[in-house]
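Student: After the C-alpha cells below, expect a handful of questions from me.
The values are calculated or read from the model by the stated rules, or taken from the named source; none is laboratory data. Just so you know, these numbers come straight off a predicted model, no measurement behind them. Cβ atoms come from the backbone with ideal geometry, glycine included; neighbour counts cover every protein chain shown.
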C-alpha cells in the first residue's frame, strides 16, 4: 500500500471524527434542552438503578436510567446503521463505528458541560458533576479511558491496513 493511499485513509478518519464532534455538539444542545442544569437525568421522570457492582464496573458508578438506556441504544444503532445497510460487515468498519461512538459520547458529555448555561468550565468538577464518580487529571476517568480505547482502535485499523 502506498503512503498516499494511507494518508487518504487517515484523512478520511479525521474527517469522520470531525463529523462525530459536530454530531456531539448538536446532541449536547438537545440534551441541555431536555435536562437543563440537572445532569444525568436527575430531574427526569425515568427509572433509575443505583449502587450496583455492575454499574461500578461498566458504568463508572453512575446510575443507569431509562433515559440513558434508550438514548445510548439509539446512538449505537445510529453508528452501526451504515454496517447494517451497506451490504457488508468488516471488523475494520465495526471498529470505526465503536471508536466513533466512544468519541461521540466523550465529546457530547464534555460539550454538555461547556455549553450548558448552568455549568460551564467553572462547574466542570467532581463536586458539581457528582454523577461522574471518578476523576483524574481534571476530567472523568471515563473520558481518558474511552479516548485511549478509541485511539487504540483507530491506530490498529490503520496499522493493519498499512501492512
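Student: Among the helices (runs of 4 or more DSSP H) confined wholly to the range 38-126, which include 3 or more residues that are without any contact (Cβ under 8 Å) to a residue 60 or more places away in the chain, within 14 Å of the chain's Cα centre (by Cα) and surrounded by 12 or more Cβ atoms within 10 Å (Cβ to Cβ)?
Tutor: 66-85, 91-115
Condition check ((1) touching a strand residue (DSSP E or B) at 6+ places or on another chain (Cβ under 9 Å); (2) at pLDDT below 90; (3) on the phi < 0 side of the Ramachandran plot) across all residues:
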position	(1), (2), (3)
3	no, yes, yes
9	no, yes, yes
17	no, no, yes
21	no, no, yes
30	no, no, yes
38	no, no, yes
45	no, no, yes
49	yes, no, yes
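Student: Taking the condition of being in a loop (DSSP other than H, G, I, E, B) and under 20 Å from residue 68 (Cα atoms), how many residues in the range 129-141 meet it?
Tutor: Taking the range 129-141 and keeping what is in a loop (DSSP other than H, G, I, E, B), we get 129-134, 137-138.
Going one step further and asking which of them are under 20 Å from residue 68 (Cα atoms), we end up with 129-134.
Of the residues in the range 129-141, 6 are in a loop (DSSP other than H, G, I, E, B) and under 20 Å from residue 68 (Cα atoms).
Student: Checking the structure you have, find out if any residue of the range 141-157 is closer than 18 Å to residue 18 by Cα, more than 18 Å from the chain's Cα centre (by Cα) and surrounded by 14 or more Cβ atoms within 10 Å (Cβ to Cβ).
Tutor: Within the range 141-157 (the criterion being closer than 18 Å to residue 18 by Cα, more than 18 Å from the chain's Cα centre (by Cα) and surrounded by 14 or more Cβ atoms within 10 Å (Cβ to Cβ)), the answer is yes, since at least one residue qualifies.
Student: Going by the conditions given, is residue 163 surrounded by 14 or more Cβ atoms within 10 Å (Cβ to Cβ), modelled with pLDDT under 90 and on the phi < 0 side of the Ramachandran plot? Working first, answer last.
Tutor: On the way: surrounded by 14 or more Cβ atoms within 10 Å (Cβ to Cβ): no; modelled with pLDDT under 90: yes; on the phi < 0 side of the Ramachandran plot: yes.
Answer is no for this residue.
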